1. Which condition from (1) of a type in the set (D, E, K, R); (2) part of a strand (DSSP E or B); (3) farther than 19 Å from residue 25 by Cβ is the one that residue 98 breaks?
2. May I ask you to say which residue of 84, 56, 62 is on the phi > 0 side of the Ramachandran plot and open to solvent by 50 Å² or more (accessible area, probe 1.4 Å)?
3. Would you confirm whether any residue within segment 4-12 is more than 14 Å from the chain's Cα centre (by Cα), touching a residue at least 60 places away in the same chain (Cβ under 8 Å), over 21 Å from residue 100 (Cβ atoms) and surrounded by 14 or more Cβ atoms within 10 Å (Cβ to Cβ)?
4. Return yes or no: is residue 74 open to solvent by 20 Å² or more (accessible area, probe 1.4 Å), of a type outside the set (Val, Ile, Thr) and farther than 17 Å from residue 112 by Cβ?
5. Could you please tell me which pairs satisfy a Cβ distance under 7 Å, a separation of 6+ or placement on different chains, a first residue in segment 26-38 that is farther than 20 Å from residue 69 by Cβ, and a second residue that is open to solvent by 40 Å² or more (accessible area, probe 1.4 Å) and not hydroxyl-bearing (Ser, Thr, Tyr)?
6. Within segment 59-69, is even one residue among the small types (Gly, Ala, Ser), under 15 Å from residue 107 (Cα atoms) and modelled with pLDDT of 95 or more?
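The values are calculated or read from the model by the stated rules, or taken from the named source; none is laboratory data. What you see is a predicted model, and the numbers here were worked out from it, not measured in a lab. Reconstructed Cβ throughout: ideal geometry from the backbone, glycine too, with neighbour counts over all protein chains shown. When the accessible area is computed, the model is the full protein with side chains, heavy atoms only, and any ligands, DNA or RNA have been set aside. Shrake-Rupley method; radii C 1.70, N 1.55, O 1.52, S 1.80 Å.
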Amino acid sequence: QVQLVESGGGLVQAGGSLRLSCAASGIIFTLNPMGWYRQAPGKQRELVAMISTSDSTTYADSVKGRFTISRDNAKNTVFLQMNSLKPEDTAVYYCNGRLFVRDYWGQGTQVTVSS
């Protein structure tokens, strides 16, 4: 079965950096696109960034210039480099990958940014 496993979350002070990783297993096809979503308490899950196999990227306006998404197609792995973190970036971050018409999700990793 397909599994997406995230790592790299944690607690950081405002202005700091974190790098999230997500590795897919149990699949021989390349997930396309792969991306990161986040959900803060009391809010809906929102797109943070996504990337295609051709490295075409999409970012939420709130993270442009601060976050960078990248991927390793051969390993079905996606990364999110988060710089200049703000308290409003605090959320559970979820990895997402699409195979044909089906979406797969990771279990989520907590990112907390203190002011």
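1. (3)
2. Only one candidate passes the filter, namely 84.
3. Checking segment 4-12: at least one residue is more than 14 Å from the chain's Cα centre (by Cα), touching a residue at least 60 places away in the same chain (Cβ under 8 Å), over 21 Å from residue 100 (Cβ atoms) and surrounded by 14 or more Cβ atoms within 10 Å (Cβ to Cβ).
4. Working: open to solvent by 20 Å² or more (accessible area, probe 1.4 Å): yes; of a type outside the set (Val, Ile, Thr): yes; farther than 17 Å from residue 112 by Cβ: yes.
Answer is yes for this residue.
5. 26/1; 26/3
6. Narrowing segment 59-69 to residues among the small types (Gly, Ala, Ser): 60, 62, 65.
With under 15 Å from residue 107 (Cα atoms) added as a condition, the list becomes none.
No, there is no match, as no residue in segment 59-69 is among the small types (Gly, Ala, Ser), under 15 Å from residue 107 (Cα atoms) and modelled with pLDDT of 95 or more.
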